[in-house]
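This report concerns only the one structure given below.
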C-alpha cells in the first residue's frame, strides 16, 4: 500500500495563528495588523535572498497587488529571511508588498507549513512549503493554494481568482 502524504498547512475553517513578525525595516507587528477589508493573503515563500522561484512569485504578486486590494485582500510575503534580506530584495525590485520576516520560523510552524524534508544544517532549515493562505477578517483560514514541490507556485491569476471567489 503506498504511503499517503501527510496534510501540509492549515485546514480551511481553522483559526489562523496571529504570530509576532517583523517587516523589512525590523519593525514588530502581527499578521492580523495587515488585513484588508476582507482579510490578508499570505504568500509563504522559502527565501527572497536565494530562491529564484520565490523572487519571481513575489514580483508577479506585486503586479496584481492593486487588483487584490480592490477585492479587499492585502497581499503579503512571509519568509524566514532576516529583515535585512527583505530590505535588500525590496531595494532591488521595488516591490510594494509587505515583506514579513519570521526568523526562527515560529509562524511557519504555527501554520504547519515548515518543509521538514530539507537537509539538517543547511541554509534551507526552517523554510516553508510554498503556499498562499487567505485569512479572513474573522481570523479563520478561508483558502489555501499550494502545489506539490517548490518550483511550481500558485499563479498570480489563481490568487486573484481565489480572492474574487472569496469576496462574493
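Give the residue that is farthest from residue 76 (Cα to Cα), with candidates limited to residues of region 111-137 that are more than 13 Å from the chain's Cα centre (by Cα) and in contact (Cβ under 8 Å) with a residue 60 or more places away in the chain. Ranking the candidates gives 123 first. Could you list, in sequence order, all residues of region 107-127 that are under 22 Å from residue 15 (Cα atoms) and surrounded by fewer than 16 Cβ atoms within 10 Å (Cβ to Cβ)? 109, the sole residue that qualifies.
Counting residues in region 28-48 that are over 22 Å from residue 139 (Cα atoms) and surrounded by fewer than 19 Cβ atoms within 10 Å (Cβ to Cβ) gives zero.
I'm trying to understand the selection: among the residues of region 138-168, which are within 12 Å of the chain's Cα centre (by Cα) and over 15 Å from residue 7 (Cα atoms)? Once the filter is applied, which keeps residues that are within 12 Å of the chain's Cα centre (by Cα) and over 15 Å from residue 7 (Cα atoms), region 138-168 yields 153, 154, 159.
Tell me whether region 81-101 contains one or more residues that are surrounded by fewer than 15 Cβ atoms within 10 Å (Cβ to Cβ), under 18 Å from residue 132 (Cα atoms) and either without any contact (Cβ under 8 Å) to a residue 12 or more places away in the chain or out of contact with any helix residue (DSSP H, G or I) (no Cβ under 9 Å at 6 or more places or on another chain) (or both). No - not one qualifying residue is present in region 81-101. Listed conditions (1) more than 15 Å from the chain's Cα centre (by Cα); (2) surrounded by fewer than 16 Cβ atoms within 10 Å (Cβ to Cβ); (3) more than 15 Å from residue 127 (Cα to Cα) are all met by residue 56, apart from (1).
Throughout, read-outs are computed from the coordinates displayed, never taken from laboratory work. On a predicted model such as this, the values are computed, not experimentally measured, just so you know. We place every Cβ from the backbone using ideal geometry, glycine too, and count neighbours over all the protein chains shown.
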